Amino acid sequence: MPIDAEKPMREVLIMFAITLLVLCWHYGFVVARPSEIARRVDGVPNYVIDYDITKSPAPKWLEGVVPDSSGKTGSAVSSAIIVNDHGSGAIDAFYMYFYAYNQGNTVLGQELGDHIGDWEHNMIRFKDGVPQHVWYSQHSGGQAFTYRATEKVGKRPVSYSAKGSHANYAIGGKHDHTIPGLNLPDGLIVDHTSKGVSWDPTLSSYYYNFKPSDGSFEGINNSPVAPMNFKGKWGDAQYKDDDKRQKEFFGFKKFVGGPTGPGDKQLNRTKVCPESDVPCVLRDKLVP
Ligand SMILES: *[C@@H]1O[C@H](CO)[C@@H](O)[C@H](O)[C@H]1NC(C)=O
């Protein structure tokens, strides 16, 4: 189904946009739901906050928002939709999701890798108006599938956001990601996905054009560009080893720094996958 050349790009992006299924589960004392990207905490942007994650009860902003029955995250603008028009008919649409808190995986009974500020994304690559492939970000890597193979609601591919870690998967179930680039149905470090609450990122999103000529962002309808241009790690810094709050288990820390934001997600990538040590496999069958 090619894109109508006359249709404004925004309409097209919404037509093919990702539908997310998020698990807004409550565990420990915080929940890890979608959150406002441009929030300021104690007067500073949330990408550079210094906040004690162990403080109880958790503040409302750290909990995030459960999408309502329409899939909107209330007044919180929790996604950034970014378009990179490479020219000659190649367009990448990035759907980036923000969560104020990441709850790490539980490994052998230890919860590891908690952090403030979390970004995950899908990317749909279009060629001459036809969606070709979909990228699902997962931790430091991810998976790519043909658009044809993806589960869809109408024309919109479905992405399953994992409980706590928010890694994006194409199907529900268990996803072991102990070895980067090799997902297995079960194992040591496991993400869980299932049909949870439906989140429509287009209903509460900032919109941007990414200019491949100079790597700059154009914010549509006053979408703030500062959070996109921030290249550092979001959230507060990893607690030092001698900090009482920090714990270690086989070299893994309980509290770590957040991930980098949209501006560091290889928006100008040539392959569907970002450059990495792992080969970019474009699968035409869905796997864990
Ligand atoms: C984006 O990629 C194109 C094609 O490889 C290249 O010409 C351009 O310089 C890149 N832009 C940036 C900002 O790196």
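Read-outs: derived from the displayed coordinates by stated rules, not from any lab. Remember, predicted model here, so these are calculated numbers, not experimental data. So basically every Cβ, Gly included, is an ideal-geometry build from the backbone, and we count neighbours across all protein chains shown.
Which value at 222 nm does the chain reach when only helices count, each DSSP H run of 4 or more adding -39,500 (n - 2.57), with the total divided by all residues and rounded to the nearest 500 deg cm²/dmol? Provide the component values of the computation, followed by the final result.
Details: 3 runs with 16 residues, N = 288.
When only DSSP H runs of four or more count, the value is -1000 deg cm²/dmol.
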* Asked: What FRET efficiency, computed as 1/(1 + (r/R0)^6) with R0 = 51 Å and r the Cβ-Cβ distance, is obtained for Asp214 and Ser69, rounded to the nearest 0.05?
  -> 0.75
* With r as the distance between the Cβ atoms of Val153 and Thr270 and R0 = 30 Å, compute the FRET efficiency 1/(1 + (r/R0)^6) and round to 0.05. => 0.55
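Pairs to check: Lys244/Lys265; Lys72/Lys254; Lys72/Lys155. Give those whose C-alpha atoms are more than 25 Å from each other in this structure. Don't jump to the answer; show the numbers that get you there.
Numbers: Lys244/Lys265 33 Å; Lys72/Lys254 32 Å; Lys72/Lys155 19 Å.
Over 25 Å Cα-Cα: Lys244/Lys265; Lys72/Lys254.
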* Asked: Using the C-alpha gyration tensor of segment 125-217, what are the square roots of 5 times its eigenvalues, in whole angstrom, with the largest one first?
  -> 25, 17, 15
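Below 8 Å, C-alpha to C-alpha, sequence gap of six or more: please give me the relative contact order for segment 9-283 in percent.
Working: 673 pairs, mean separation 64.4, N = 275.
Relative contact order of segment 9-283: 23 percent.
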* Put +1 on the Cβ of each Lys and Arg and -1 on the Cβ of each Asp and Glu in the chain; which of Gly181, Pro131, Phe217 then has its Cα farthest toward the positive end of the dipole? -> Pro131
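Report, in debye and to the nearest 20, how large the dipole of segment 9-283 comes out about its Cα centre when Lys and Arg carry +1 and Asp and Glu carry -1 on their Cβ.
Details: 29 positive and 29 negative charges, 101 e Å.
In debye, rounded to 20, segment 9-283 gives about 480.
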* To do: Find how much the distance from Val44 to Leu188 grows on full extension, using 0.36 nm per residue of separation minus their present alpha carbon separation; answer in nm with one decimal.
  => 48.1 nm
* To do: Measure of size requested: the Rg and Dmax of the chain, with Cα atoms as the atom set and Å as the unit; please supply both.
  => 18.1, 60
